[in-house]
Amino acid sequence: MKNVLSIFLMVFLLTLTYSSAGAADMINGAGASFPYPVYSSWAYDYHKATGIKFNYQSIGSGGGQRQIVGRTVDFGASDDPVKPEALKKDNLFQFPAVIGGVVPVVNISGIKDGELKLDAETLCGIYLGEIKKWNDAKLISLNPKLKLPDAGITVVQRSDGSGTTAIFTNYLAGVCTSFKNKVGEGKSVKWPAGIGGKGNEGVANYVKKSPNSIGYVEFAYAKQNKLTYTQLKNKAGNFVQPNFDSFGDAAESGDFDSKKDFYAWLNNTPGKTSWPIAGATFILLAKEKKDSNVKTVRFFEWVFKNGDAKAKELVYVPLPKSLKDKVRAYWKANGIQ
Amino acid sequence: MAGACPCHSIFLIAERYETLVIQKKNPIDLLFSVITAGASFMVILLVIGIFAILLKESSLSIGKFGFIKFIVTNEWNPVTELFGAAASIYGTMVTTAIALIIAIPIAIGIAVFVTEIATDFLKGPIGAAIELLAAIPSIIYGMWGLFTVAPIMTKYIEPALQKSLGLVPLIGMLFQGTPMGIDLLTASVILSIMIIPFTASISRDAFNLTPAVVKESAYAVGATQWEVVRDVVLPYSKMGVFGGIVLSLGRALGETMAVAFVLGNNHQITSSLFSAAATITVTLANEFTEADKDIYLSSLFHLALVLFMMSFIVLAAAKFLLFKAERKINR
Amino acid sequence: MNIERRRKAENIIALFLSSLAAFSGISWLVFILGDVLIHGIGALKLSLFISDPVPPGVEGGGLRNAFAGQMLITLFATLIGVPFGVLGGTFLAEYARGTRVAAVVSILSDIMVSVPSIVIGTFIYAVLVKPLGHFSGWAGATALAVIMIPVVLRTTEDMLSLVPWTLREAAFALGAPYYKVIIQVVYRAAATGIFTGILLAVARVAGETAPLLFTSFNNAYFSLNMNGPISSLTATIFQYAMGPYDDWHAQAWAASFVITATVLLITIVGRILISWRLK
């Protein structure tokens with residue numbers, strides 16, 4: 001028995017000493033799933049180039065905000081911009097990292113990428129549970145040439161606190177008053193219909209698995225998983241396809257002001273060819289965490305220099321050069337570089 | 001000193017106690033007894049600690065919504081910051097109830113088969129299979145549910161149910177809407193498969209305790225096997241079976257992973273089993289790390305508290321009933 | 001005559017139904033295990049164990065981080081939980097045998113065994129994650145240890161109670177103090193039983209997911225730092241299976257296969273030990 005006890009003790013001490021080594025080169029962050037594909041790709045390249053580990057866990061924008069406010073991570077990520085007053089209250093910095101578009105995706109047999117046309121009214125109707133079937137008269141009148149099935153629509157939304165949902169509902173509430181009154185906007189709202197997936201990942205997974213379903217995801221998820229995306233009617237009244245150019249057009253209209261900690265939305269922008277549902281995704285830092293802030297900022301400095309190609313490959317829009325400079329100035333002004 | 005103990009009275013507590021009192025004079029022994037006592041009081045400390053911490057963390061929500069009102073309010077709206085647990089509690093109760101309805105007959109059937117019907121050759125493997133089924137991690141059930149069971153439900157079982165039972169008045173209410181496979185019914189089915197082994201193995205043990213003499217005298221007067229089971233074995237072992245069912249009930253109430261994959265996370269109370277829902281556990285798993293406002297997080301702690309109390313009360317009540325029944329038998 | 005026939009028919013129907021139930025029980029097991037086996041074996045590659053995850057879209061990658069993290073968390077959970085469980089069980093079966101305190105702790109432990117594991121996760125988040133300001137492997141290990149303690153405690157109590165009291169008295173007669181009797185005689189007599197109890201408790205917590213989600217969190221990199229977020233197989237399976245990428249699904253199946261095989265193996269060893277001992 002004594003032997004067993006001493007072995008027990010030795011294993012304990014050994015693992016104890018071993019396990020507390022090697023903590024230095026890790027940046028821990030969590031938040032939005034919207035930029036997860038590009039962050040994880042950047043982190044992979046950054047680790048190769050510098051040896052520093054950038055651990056990003058995709059748990060949703062609500063989670064990113066909660067965890068940085070609770071100071072359980074080094075940085076939080078959110079596509080739902082935090083208002084300057086709230087930042088001040090929780091002692092946070094905020095800056096944009098990359099821009100992307102939210103696209104409706106469907107799973108209807110026989111319908112290919114970019115064939116189905118939707119407008120604000122039909123999208124609202126579907127997510128309010130008012131349009132229940134794919135062969136609804138409103139959908140047919142928008143898509144006279146398509147063969148839409150006589151099947152119920154399985155609506156998929158996000159179950160978690162999501163910036164993608166914030167962008168999506170901000171758009172729907174902006175273009176359709178009944179949605180604004182019945183549901184409202186926010187990171188997680190009370191959906192009248194459908195099933196909820198966890199993260200962009202979960203929504204993409206459910207749409208992929210369920211026939212006759214519709215969901216909304218960041219475009220990289222649609223592309224990587226070969227989900228069928230739709231066209232949308234924008235503010236100028238044109239039907240547009242989601243792609244790098246239409247997201248870029250939306251990004252151009254963005255009014256990012258470093259004095260307001262870059263708080264801005266990119267929804268329903270007036271450009272002729274701009275995609276109506278787009279947004280920037282933001283990084284949140286705790287003001288007093290000086291050391292880890294420098295590490296995080298170093299990562300994004302590296303990304304601003306070397307990450308544009310990777311972002312474009314995944315159909316995210318890198319920040320325009322002028323905005324990058326504004327962000328750099330913001331870092332400098334706040335002494336985190 | 002130990003020699004003072006009269007050695008034939010093995011199970012008399014009083015005399016043993018006497019031994020112990022003498023023993024406690026040894027300082028190392030005293031130390032050892034204090035250490036072991038401390039370790040066992042850890043359990044009491046944990047129960048009180050969990051309750052106290054959950055109560056403290058949910059105080060914000062209890063203060064704003066009220067403990068009881070929170071339970072009966074059907075509202076889960078992070079936008080307006082109004083929270084109520086009714087939908088989650090409803091989901092927990094419905095999945096648990098359906099899982100038990102499916103699992104109990106099957107589990108008892110298995111126990112009957114293993115104890116009364118199977119030859120010795122079959123007893124071993126089936127018993128082992130049941131034990132293994134109980135050991136599979138719940139996340140495996142969840143994954144299997146999402147990738148394998150949900151598509152089968154969508155394609156075959158749910159449309160079939162809709163076409164048959166769905167047309168019956170009243171019961172038909174349960175089978176409305178588009179069959180999606182990610183819903184209450186699928187979650188309940190997975191849950192029932194998960195709890196079958198718990199009920200089955202405890203029922204089997206209880207059946208085995210029925211004295212052979214009693215069974216044989218029933219056979220001697222010409223009873224069939226089924227009559228022996230129904231009129232002799234089941235009444236004799238009903239408390240044991242009840243214990244098994246309660247254990248499964250406890251498991252089903254608190255299971256997270258097996259249902260998280262296939263429930264669809266929607267805070268709504270609907271009559272149809274074909275709609276997405278939320279249980280307390282799934283709500284916690286999905287939203288706990290992501291609740292952004294303090295009141296939101298506090299409400300989640302409040303949910304955890306409700307779940308803790310639910311399972312604690314159910315199990316404690318069952319323990320109490322079993323205890324009382326035991327005393328009755330012993331008298 | 002008519003009654004006779006009805007009874008016979010009833011008997012046959014009832015026996016048929018219970019055979020059917022037993023058969024269905026077996027077929028569920030075959031179904032699940034077969035499914036895990038088929039999907040898992042195909043995705044089982046050496047790289048799964050020796051390389052770290054890569055971002056979606058990049059070929060290859062593995063779950064080395066999750067294997068290491070899972071082992072570390074389970075190991076520390078065992079190291080924390082087992083002493084409490086064994087010592088606590090010792091108190092109930094020896095020093096406090098037959099007392100009211102023992103009965104209360106025993107019943108509370110039985111209830112604790114069935115407390116939802118996710119509730120324990122929220123509890124540990126409140127006491128170890130929020131005050132310390134970061135997710136950590138320690139928090140995960142502690143959460144699992146809390147689940148283990150009552151399980152080990154109850155088995156230890158049962159196993160020690162099975163050791164005949166005469167054995168202790170024989171040792172008392174030689175003048176040994178009680179603690180020596182417990183350590184050198186009682187533990188030795190119950191060693192297999194206690195060990196089996198520990199094995200089964202390890203098997204139980206090794207497959208737990210819910211209490212790890214808010215405690216050890218997850219980590220995309222290989223890390224042995226118990227003070228920071230650390231990856232676990234089960235949390236990774238949850239993330240990967242809910243995700244949309246096909247290679248994530250494949251890796252989740254492979255990880256499920258490994259974890260199921262391990263847990264079942266431990267369980268089988270435990271069961272064999274028990275039946276071997278009871279003979």
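Computed from the C-beta positions of C:Glu10 and B:Leu321 and an R0 of 35 Å, the FRET efficiency is 0.70 to the nearest 0.05. Do any GluC sites (Glu not before Pro) in segment C:1-99 lie in a DSSP loop with no more than 12 other beta carbon atoms within 10 Å, and if so, which? The qualifying sites are C:Glu59. Taking amide H as placed 1.01 Å from N in the peptide plane, A:Ala278 has its amide H under 5 Å from the amide H of A:Val102, A:Leu266, A:Asn267, A:Asn268, each at least 5 places away in sequence or on another chain.
Amide H to amide H distances under 5 Å link A:Leu232 with A:Leu118, A:Val240, where only residues 5 or more positions off or on other chains count and H is placed in the peptide plane. Counting Cβ atoms of other protein chains within 10 Å of each Cβ in A:184-196 and taking the mean gives 6.
Among residues other than A:Asp245 with Cβ under 13 Å from its Cβ, the summed charge is 0 (Lys and Arg +1, Asp and Glu -1).
Here the label points at C:Phe31 and B:Ala220, each 7 Å from Cα along the C-beta direction, are separated by 4.4 nm in the simple model.
Rounded to the nearest 10 degrees, the inclination of helix A:321-333 to the longest alpha-carbon principal axis of chain A is 40 degrees. What is the antiparallel percent of DSSP beta bridges lying wholly in chain A, to the nearest 5? The answer is about 60 percent antiparallel.
Normalised per residue, the accessible area of segment C:2-43 is 64 Å², obtained with a 1.4 Å probe and no contribution from ligands, DNA or RNA.
Listed cross-link partners B:Lys64/B:Lys293; A:Lys133/A:Lys187; A:Lys88/A:Lys290 are compared with a 23 Å cut-off, the Cα-Cα value being larger for A:Lys133/A:Lys187. Note on the protein assembly as shown: antiparallel DSSP beta bridges, both residues inside, total approximately 65 percent of the bridges counted.
Segment A:59-123 and segment B:39-118 have Cα centres lying 32 Å from one another. Between the Cα long axis of helix A:2-19 and the first principal axis of chain A there is an angle of about 60°, rounded to the nearest 10. Accessible area ranking (1.4 Å probe, heavy atoms, ligands and nucleic acids excluded), largest first, for C:Val127, A:Val38: C:Val127, A:Val38. For the peptides A:262-270, A:215-223, A:202-210, the ranking by mean Cβ contacts within 10 Å, running from highest to lowest, is A:215-223, A:202-210, A:262-270.
The residues packed around A:Phe34, meaning those with a beta-carbon under 14 Å from its beta-carbon, carry a net charge of -2 if Lys and Arg are +1 and Asp and Glu are -1. How high is the relative contact order of chain B? Use alpha-carbon pairs under 8 Å, at least six apart in sequence, and give a whole percent. Relative contact order here is 25 percent. Round to a whole number: what % of the accessible area of the protein assembly as shown belongs to carbon and sulfur, probe 1.4 Å? Carbon with sulfur: 65 percent of the solvent-accessible area. Relative to the longest principal axis of the Cα atoms of chain A, helix A:36-50 runs at roughly 30 degrees. Within chain B, the selection of entire DSSP H helices by a Cα span of 27 Å or greater along the long axis and an average Kyte-Doolittle value of at least -1.0 returns B:27-57, B:86-112, B:184-208, B:234-254, B:294-330. 3J(HN,Hα) along segment A:304-315, derived from phi through the Karplus expression 6.51 cos²θ - 1.76 cosθ + 1.60 where θ = phi - 60°, amounts to 4, 7, 10, x, 4, 5, 4, 4, 4, 4, 9, 6 Hz, with x in place of Gly and Pro. Residues in segment B:171-197, backbone N under 16 Å from the label point at C:Ile274 (7 Å along the Cα-to-beta-carbon vector): list them, ranges by number please. Output list for this probe position: B:197.
Under 5 Å between amide hydrogens, built in the peptide plane, is the criterion, and for B:Asn265 it picks out A:Gly196, B:Ala277 among residues at least 5 positions away or on other chains. Inter-chain Cβ neighbour count for B:312-322, averaged per residue, equals 3 (cutoff 10 Å, partner chain atoms only).
Per residue, chain B exposes an accessible area of 41 Å² to a 1.4 Å probe, with every protein chain left in place. Peptide C:23-34 is shielded by partner chain Cβ atoms: per residue, an average of 6 of them sit within 10 Å of its Cβ.
Among the DSSP helices (H) of chain C, those spanning at least 18 angstrom by Cα along their long axis with an average Kyte-Doolittle hydropathy of 0.5 or more are C:2-43, C:64-90, C:100-113, C:137-162, C:187-206, C:246-278; this is a geometric and hydropathy rule only.
Heavy-atom accessible surface of B:Ser272, to the nearest 10 Å², is about 10 Å², with a 1.4 Å probe and all protein chains retained.
The values are calculated or read from the model by the stated rules, or taken from the named source; none is laboratory data. Here the structure is a predicted model, which means the values were calculated and not measured. Every residue, glycine as well, gets a Cβ built from its backbone with ideal geometry; the counts of neighbours run over all protein chains shown. The accessibility values were calculated without ligands, DNA or RNA, using every heavy atom of the protein model including side chains. Shrake-Rupley method; radii C 1.70, N 1.55, O 1.52, S 1.80 Å.
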